[in-house]
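Please read the structure below before turning to the comments.
The values are calculated or read from the model by the stated rules, or taken from the named source; none is laboratory data. Note that the structure is predicted; figures quoted are calculated from it, not measured. Methodologically, a virtual Cβ is constructed for each residue, glycine included, from the backbone with ideal geometry; neighbour enumeration extends over all protein chains shown. Surface accessibility is based on the protein's heavy atoms, side chains included, excluding ligands, DNA and RNA. Shrake-Rupley method; radii C 1.70, N 1.55, O 1.52, S 1.80 Å.
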Amino acid sequence: MTTSPGQGPRAGAEYGPTGPAYSTAGDPAQLLAALGRSWTWILASAVATLVPGILLLVWPEATLHVVAVLIGLYLLAAGAFRFVATFARQEQGHRLPSLLLAVLYVLAGVLCLRNPLQTITALSLIVGLVWLVSGILTLYTALAARDLPHRGFVLGMAVLGIVAGVVVLALPAESARALTRLLGLWLVLLGLAEAGLAFAWRAALRGSSTAVPHGPDGNA
């Protein structure tokens, strides 16, 4: 799961329909930052979480190999979304947790796609640890960044991730079918929470776009 950008909408910036319209010509970091601040990027991350969750719920008889592939692809996609979200943060100190999570998701995704590790115990351990660590780091970011937009949403997602990690680690599934249902349920819940965050961020951006922009001297 991703979190909302580290700064709220600023009165002096121009806003397009999907987020801040910053000048990004020739600077890849600024391009990634503008993308990470877009509400559509957060919504895309939610869809990337919801799709494998729904597939796992409607296809409980999937083999462990299929489950591992779906989870692995989800983790790789989540790592990519978190990497882009890192550039959306203004404070350098708040970028480290997001960058660490991006690396964690990518490594976990690679491990899930490796054939030798496709056992129920290994898959449960990987996913449980990723969700637990992700929830803890997201919780830390939400508590440390007092100006974080939609802080309540982010805190709720962090707690949900921690609970999901604890449940998966404390109640290891005894069959691929049980594991599939458990992982699918949590992915759907996380995806819905992230979708709610995306639409809340869109409302904040639209509210800022209706404000009269002020110049650096405070004049309209």
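Return the pair list, or none, for Cβ contacts closer than 7 Å from residues in the range 23-37 that are more than 17 Å from residue 81 (Cβ to Cβ) and among the hydroxyl-bearing types (Ser, Thr, Tyr) to residues that are open to solvent by 40 Å² or more (accessible area, probe 1.4 Å) and at pLDDT 70 or above, at least 6 apart or on different chains.
Filtered contacts from the range 23-37: 24/30; 24/31.
Per-residue answers, yes or no, for (1) out of contact with any helix residue (DSSP H, G or I) (no Cβ under 8 Å at 6 or more places or on another chain); (2) open to solvent by less than 60 Å² (accessible area, probe 1.4 Å); (3) at pLDDT 80 or above:
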| residue | (1), (2), (3) |
| --- | --- |
| 81 | no, yes, yes |
| 97 | no, yes, no |
| 156 | no, yes, yes |
| 167 | no, yes, yes |
| 170 | yes, no, yes |
| 173 | no, yes, no |
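Among the residues of the range 134-151, is any open to solvent by 40 Å² or more (accessible area, probe 1.4 Å), under 21 Å from residue 194 (Cα atoms), in contact with a helix residue (DSSP H, G or I) (Cβ under 9 Å, 6 or more places away or on another chain) and at pLDDT below 75? Working first, answer last.
Step one: of the range 134-151, the residues open to solvent by 40 Å² or more (accessible area, probe 1.4 Å) are 136-137, 139-140, 143-144, 146-147, 150-151.
Now narrow it down to the ones that are under 21 Å from residue 194 (Cα atoms): 136-137, 139-140, 143-144, 146-147, 150-151.
If we keep only those that are in contact with a helix residue (DSSP H, G or I) (Cβ under 9 Å, 6 or more places away or on another chain) too, we end up with 136-137, 139-140, 143-144, 150-151.
Add one more test, that the residue is at pLDDT below 75, and what stays is 150.
Yes: one or more hits.
Within the range 55-72, identify whether any single residue is of a type in the set (Ser, Thr, Tyr) and at pLDDT below 75, and answer yes or no. Spell out the reasoning first.
Step one: filter the range 55-72 for residues of a type in the set (Ser, Thr, Tyr), giving 63.
Now narrow it down to the ones that are at pLDDT below 75: none.
No, the conditions are met nowhere in the range 55-72.
Using the structure shown, decide if residue 119 is modelled with pLDDT under 90 and either crowded, with 20+ Cβ neighbours inside 10 Å or among the basic types (Lys, Arg) (or both).
For residue 119, the condition - modelled with pLDDT under 90 and either crowded, with 20+ Cβ neighbours inside 10 Å or among the basic types (Lys, Arg) (or both) - is not met.
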